[in-house]
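**Student:** One structure is given below, represented as structure tokens, and several questions about it will come after.
The values are calculated or read from the model by the stated rules, or taken from the named source; none is laboratory data. This structure is a prediction, so every number in the text was calculated from the model and none was measured. Methodologically, a virtual Cβ is constructed for each residue, glycine included, from the backbone with ideal geometry; neighbour enumeration extends over all protein chains shown. Accessible surface areas use protein heavy atoms only, side chains included; no ligands, DNA or RNA. Shrake-Rupley method; radii C 1.70, N 1.55, O 1.52, S 1.80 Å.
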Amino acid sequence: MAKLEILEFPDPRLRTIAKPVDQVDDALRALIDDMLETMYAAPGIGLAATQINFHKQLIVIDISEESNEPLVFINPRLKVLDDELAEYDEGCLSVPGFYETVSRPSRVKVNALDRNGEPFEMIADGLLATCIQHEMDHLNGKLFVDYLSTLKRQRIRSKLEKAHKLAMAE
């Protein structure tokens, strides 16, 4: 397994819309394992393939306390089940060091393929519902900062651009 590079905002590649996965094979399962290793090492609770510059509809998530309950969503489709919104302080591996409150539907249904290409359906609420929606946004070229005011988003962008420049100078 290999730890992968995570793209950081404002990298324009994060705005690429992911295409469906055509084939679930050993190469894709190896990528899934690499994504999980990368997510756990970051550390994070979700990672979309877009964040590692692989523009296919693939998400890994693990919200368990022990980081031992990985979920894989290939070609996920989402249906909102409850118009009630839940607020969570969201962070993102592509927007390191920043957390902001975002409101999202509290209950969703997801249809996807698992790591073996088998279809499944899941109803999620709470943190899992938020995480699924956050990661699916990545597949559509959207980031959680897009839910913030222009001023907040620009401040985050400026701070990350400055940090990138300092890192390059070292």
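**Student:** Would you confirm whether any residue within the range 108-120 is β-branched (Val, Ile, Thr) and open to solvent by 20 Å² or more (accessible area, probe 1.4 Å)? Write out each step before concluding.
**Tutor:** At the first step, the residues of the range 108-120 found to be β-branched (Val, Ile, Thr) are 108, 110.
Checking the rest, the ones that are also open to solvent by 20 Å² or more (accessible area, probe 1.4 Å) come to none.
No: the range 108-120 contains no residue that is β-branched (Val, Ile, Thr) and open to solvent by 20 Å² or more (accessible area, probe 1.4 Å).
**Student:** Within the range 88-95, can one find any residue that is over 12 Å from the mean Cα position of the chain (by Cα) and free of Cβ contacts under 8 Å to residues at least 40 places away in the same chain?
**Tutor:** Going residue by residue through the range 88-95, those that are over 12 Å from the mean Cα position of the chain (by Cα) are 88-89.
Adding the requirement that they be free of Cβ contacts under 8 Å to residues at least 40 places away in the same chain leaves 89.
Checked against the condition, which is being over 12 Å from the mean Cα position of the chain (by Cα) and free of Cβ contacts under 8 Å to residues at least 40 places away in the same chain, the range 88-95 yields at least one hit.
Let's see how each residue does on (1) acidic (Asp, Glu); (2) out of contact with any Lys or Arg (no Cβ under 9 Å at 6 or more places or on another chain); (3) modelled with pLDDT of 95 or more; (4) under 23 Å from residue 30 (Cα atoms):
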| site | (1), (2), (3), (4) |
| --- | --- |
| 63 | no, yes, yes, yes |
| 69 | yes, yes, yes, yes |
| 73 | no, yes, yes, yes |
| 82 | yes, no, no, no |
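**Student:** Pairs, please: C-beta under 6 Å, at least 6 apart or cross-chain, first residue in a strand (DSSP E or B) and of a type in the set (Phe, Trp, Tyr) and in the range 112-132, second open to solvent by 10 Å² or more (accessible area, probe 1.4 Å) and at pLDDT 95 or above?
**Tutor:** 120/114
**Student:** Please specify each residue of the range 53-64 satisfying the condition of being surrounded by fewer than 22 Cβ atoms within 10 Å (Cβ to Cβ) and of a type in the set (Val, Ile, Thr).
**Tutor:** 63 - this is the single residue of the range 53-64 that is surrounded by fewer than 22 Cβ atoms within 10 Å (Cβ to Cβ) and of a type in the set (Val, Ile, Thr).
**Student:** Next question. From the list 139, 143, 151, 160, which one is within 21 Å of residue 11 (Cα to Cα) and open to solvent by 60 Å² or more (accessible area, probe 1.4 Å)? Show your work before the answer.
**Tutor:** On the way: 139 fails: open to solvent by 60 Å² or more (accessible area, probe 1.4 Å); 143 fails: open to solvent by 60 Å² or more (accessible area, probe 1.4 Å); 160 fails: open to solvent by 60 Å² or more (accessible area, probe 1.4 Å).
None of the other options fit; the residue is 151.
**Student:** A follow-up question, please. Give just the number: which of (1) touching a Ser or Thr at 6+ places or on another chain (Cβ under 6 Å); (2) open to solvent by 30 Å² or more (accessible area, probe 1.4 Å) does residue 104 not satisfy?
**Tutor:** Evaluating residue 104 over (1) touching a Ser or Thr at 6+ places or on another chain (Cβ under 6 Å); (2) open to solvent by 30 Å² or more (accessible area, probe 1.4 Å) leaves (2) as the failure.
**Student:** Okay, next question. Within the range 9-37, how many residues turn out to be in a helix (DSSP H, G or I) and among the small types (Gly, Ala, Ser)?
**Tutor:** 2
**Student:** So residue 50 passes all but one of these: (1) open to solvent by less than 60 Å² (accessible area, probe 1.4 Å); (2) free of Cβ contacts under 8 Å to residues at least 60 places away in the same chain; (3) of a type in the set (Ser, Thr, Tyr). Which condition number does it fail?
**Tutor:** The number of the failed condition is (2).
**Student:** Just to check your reading of the model, which residue among 89, 83 is closer than 30 Å to residue 158 by Cβ, assigned to a strand (DSSP E or B) and open to solvent by 50 Å² or more (accessible area, probe 1.4 Å)?
**Tutor:** Values: 83 fails: closer than 30 Å to residue 158 by Cβ.
The unique qualifying residue is 89.
**Student:** Here's another thing I want to ask about it. Mind listing whichever residues of the range 20-38 are open to solvent by less than 30 Å² (accessible area, probe 1.4 Å), farther than 10 Å from residue 2 by Cα and among the β-branched types (Val, Ile, Thr)?
**Tutor:** Within the range 20-38, 21, 32 qualify.
**Student:** Another question, if that's okay. In the range 38-80, what residues are at positive phi and not in a strand (DSSP E or B)?
**Tutor:** Within the range 38-80, the subset at positive phi is 53, 67, 75.
Across the range 38-80, the qualifying residues are 53, 67.
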